[in-house]
Amino acid sequence: MEFDVNVINPFLASAKRTTAMVAQIDLSIGKPYIRELKFDNEFVRIILGVTGAMTGQVIISMPEGKARDIASRMMMGMPVETLDDMAISAISELGNMIMGTAATILSENGVIIDITPPVVELGTVYMNMKSFQNVCVPLLLDNEVYMELNIIVKVKTDTE
Amino acid sequence: MAKILIVDDAAFMRMMLKDILSKQGHEVIEAENGKDAVEKYKANTPDLVTMDITMPEMDGIQALKAIKAGYANAKVIMCSAMGQQAMVIEAIQSGAKDFIVKPFQADRVVEAVSKVLSA
Ligand SMILES: [Mg+2]
């Protein structure tokens, strides 16, 4: 398995920092693996496009219960029993903040990216992105997967 | 108390900002993208705008420029997750009064708003 830590690390640092700030949780970083882009309906996906010095997508996938948990934490403990519009908006904005913070960290190393507005998706899906490799990094809380960052990006070379 | 236009594509973020600002006694209007923001600015001429950047239809930098082109004295505070230095500089050069990076603490918003309103 091959991937560039300089590409992956800013997203991990950002996810850890952002979730600590908006939800007061301390996620630990699990072992990265290459993952097929197949998701079943137990996972909620927040999909964000990346353009600029890197191109592709980052897909934040969360078990449905964890998505409701973080939405509740973000809304100061308001109970979230179903993923309604406001809860979906909260996790969309979580995705936006994770990516914005990652973009800021990358820019400190001279890598300028832009991000697209988040799209939240549920249901089973298989994505065909053959020319891209998905590096998936689990983020854990109490030894359980709380979210996974699927980093599906290519770094643009000078010749492109 | 002031009339404040909150611009963000996330209903969640508008709710958070509305909560902070209405507790300060401000009247709040909402817009969900840059295009909507420009229209609501014209219709309501608010005292202050909080402006997100990453939004569909028209982004916050374009909306800032459009508002400033029509209303040179418009007071706009950017409120975005995109904290790159070049982005901050572009916003300030385009006439934004402050730049709050998300996620933020409520105090940061309260301070920025009262400072810009009293200037
Ligand atoms: Mg936004």
Response to the item:
Of the residues in region B:1-35 that are in a helix (DSSP H, G or I) and away from every other protein chain (no Cβ under 14 Å), the one that is nearest to the chain's Cα centre (by Cα) is B:L21
Worksheet entry | Per-region count, region B:51-90, residues over 26 Å from A:T18 (Cβ atoms) and out of contact with any helix residue (DSSP H, G or I) (no Cβ under 8 Å at 6 or more places or on another chain) | 5
Practice prompt. Check region A:58-68 and report whether any residue there is within 12 Å of chain B (Cβ to nearest Cβ) and either crowded, with 16+ Cβ neighbours inside 10 Å or part of a helix (DSSP H, G or I) (or both).
Written response: no
Discussion item. So B:L48 passes all but one of these: (1) touching a helix residue (DSSP H, G or I) at 6+ places or on another chain (Cβ under 7 Å); (2) within 13 Å of another protein chain (Cβ to nearest Cβ); (3) away from the ligand (no atom under 16 Å from the Cβ). Which condition number does it fail?
Written reply: (2)
Worksheet item: Condition test on A:L106, is it touching a Pro at 6+ places or on another chain (Cβ under 9 Å) and within 16 Å of the ligand (Cβ to nearest atom)?
Response: no
Worksheet item: Does region B:102-109 contain at least one residue that is surrounded by 17 or more Cβ atoms within 10 Å (Cβ to Cβ), within 14 Å of chain A (Cβ to nearest Cβ), within 10 Å of the chain's Cα centre (by Cα) and touching a residue at least 24 places away in the same chain (Cβ under 8 Å)?
Response: no
Fill in: Selection within region A:111-134 - more than 16 Å from the ligand (Cβ to nearest atom) and within 11 Å of chain B (Cβ to nearest Cβ)
A:V111, A:I112
Practice prompt. Determine, yes or no, whether A:A15 is in contact with a Leu (Cβ under 9 Å, 6 or more places away or on another chain), buried (at least 16 other Cβ atoms within 10 Å of the Cβ) and at pLDDT 95 or above.
Written response: yes
Worksheet item: In region A:1-49, what residues are in a helix (DSSP H, G or I), hydrophobic (A, V, I, L, M, F, W, C) and under 17 Å from A:A71 (Cβ atoms)?
Response: A:A15, A:A20, A:M21, A:V22, A:A23
Practice prompt. Give just the number: which of (1) over 17 Å from A:I47 (Cα atoms); (2) within 14 Å of another protein chain (Cβ to nearest Cβ); (3) out of contact with any helix residue (DSSP H, G or I) (no Cβ under 6 Å at 6 or more places or on another chain); (4) free of Cβ contacts under 8 Å to residues at least 24 places away in the same chain does A:E81 not satisfy?
Written response: (2)
Item to complete: Would you check if A:E144 is under 11 Å from the mean Cα position of the chain (by Cα) and closer than 19 Å to A:P32 by Cα?
Response: no
Worksheet item: Among the residues of region A:31-46, which ones are surrounded by fewer than 19 Cβ atoms within 10 Å (Cβ to Cβ) and closer than 23 Å to A:T104 by Cα?
Response: A:P32
Worksheet item: Among all residue pairs at least 6 apart or on different chains, which show Cβ distances below 6 Å where the first residue, located in region A:93-111, is at pLDDT 95 or above and the second is assigned to a loop (DSSP other than H, G, I, E, B) and of a type in the set (D, E, K, R)?
Response: A:M97/B:K102
Item to complete: Determine which member of the set B:A43, B:A63, B:A74, B:A69 is within 12 Å of the chain's Cα centre (by Cα), part of a helix (DSSP H, G or I) and modelled with pLDDT of 95 or more.
Response: B:A63
Worksheet item: Regarding A:A53, is this residue within 30 Å of B:V88 (Cβ to Cβ), over 12 Å from the mean Cα position of the chain (by Cα), without any contact (Cβ under 8 Å) to a residue 40 or more places away in the chain and surrounded by 13 or more Cβ atoms within 10 Å (Cβ to Cβ)?
Response: no
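The values are calculated or read from the model by the stated rules, or taken from the named source; none is laboratory data. Please read these numbers as outputs of a predicted model, since none were measured by experiment. All Cβ positions, even for glycine, are placed from backbone atoms using ideal geometry, and neighbour counts span all protein chains on display.
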